[in-house]
Each structure stands twice: as structure tokens, then as C-alpha cells.
Amino acid sequence: MVWKNGRGFTDEIDRQPNDNQEELDWRLSMATIKYPGGPFSIFDNIDRTLSMIDGQDLILKLNNNTNDVIHIDKNSSPYSFPGEISITCQIHEDILIDFNVMTKRDKFRHTVERIILKKDENPMNISNLNKDIFFVIVAQGSLEINENLMRKGDAFKLIDDKQSIQI
């Protein structure tokens, strides 16, 4: 979906409800931001978290305040913020790709964790013991989950306590 300001587009990974309307309970997506960036859309009653997938530096100016600036790169922790806040982003390259999680504040909450895995490490087992909705998103490289090869941009969803995966 193309952004309203024309400065990027969003590829949805999953959302609830899945009806392509603007109203949402939660959404996971990857966004491609075009140079030079621009304002983020306002989402009332939505909590958001951004992580960098591809690019060098995502600069977020909060509330049009040049002294309130956040820099996000591939090594940054995920950055969380309320959807009501006015944010303008700036990039210094042709395109940048970020990962975005959005949840309706009065219905859901979310956490985003960046885990860096190395080829020579022991496999990691993940179970959905809390019966939450749980996603694994491949941000860089490739990953084998339950003997299935996943590449950058792929997602795996665990939806109940009977599912587990080995990475």
C-alpha cells in the first residue's frame, strides 16, 4: 500500500482484523521509505515499534523539535512510541526499509526483540507458552525454522501453545 504522502509504501505481513480497512487491532509490516523521507501518519490509540531492516540511518524528528531527534540503524534497539506523536523521518539514501509493529493500546500490547543468531551457535527452541500471537521475522540473511529455509523478509507465526519451532 502506497503512503498517503507518496514518500514510501507498506507491505503488510499480518494484521487483525484482516479487512484492508484503516481500523486495526494490530499490524506487522515492512515499510520502504523513499528519499528524503517525510511525515509519519498519525494513529490514535496505537502503540508503535520500529526496527531497521535495510539502510544506514533513519532519523526521526519528534514533534517538529530539532532537539528531540532519534537515530535508528541496523544495530539499534527497536524504538517504541505512541502513534499520536508527530514524527518526521529523514533518510540520506535512495530507500530504507523498516519493520513496524502497531497495536491498539486498549486491546493489545506488544514487544519487539532483536535477536542476532550466528551459524555456529546451538539451535534455539521457541514455544508459545503464553498463548500469545508470536512472530519470527527474518531481518537479515537466512534462517532455518523447523527444517524450512526462510529468507530476509519472511515471517513465521505461532498462534497457540501447541506450536514450537527450532531455529
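Miscellaneous remarks
- Taking the stretch 13-31 as the range and being within 22 Å of residue 85 (Cβ to Cβ) and not aromatic (Phe, Trp, Tyr) as the test, the residues that pass are 15, 22, 23, 24, 25, 27, 28, 29, 30, 31.
- Taken over the stretch 101-136, the criterion of being surrounded by 13 or more Cβ atoms within 10 Å (Cβ to Cβ), over 25 Å from residue 149 (Cβ atoms) and among the polar types (S, T, N, Q) is satisfied by 103 alone.
- Among residues of the stretch 79-100 being in contact with a Ser or Thr (Cβ under 6 Å, 6 or more places away or on another chain) and surrounded by 18 or more Cβ atoms within 10 Å (Cβ to Cβ), the one that is nearest to residue 26 (Cα to Cα) is 100.
- Looking only at residues in the stretch 34-58 that are buried (at least 17 other Cβ atoms within 10 Å of the Cβ) and among the aliphatic types (A, V, I, L, M), the one that is nearest to residue 112 (Cα to Cα) is 50.
Coordinate-derived values only; no laboratory data. Note that the structure is a prediction, hence the values are computed from the model and not measured. Note that each Cβ is placed from the backbone with ideal geometry, even for glycine, and that neighbours are counted across all protein chains shown.
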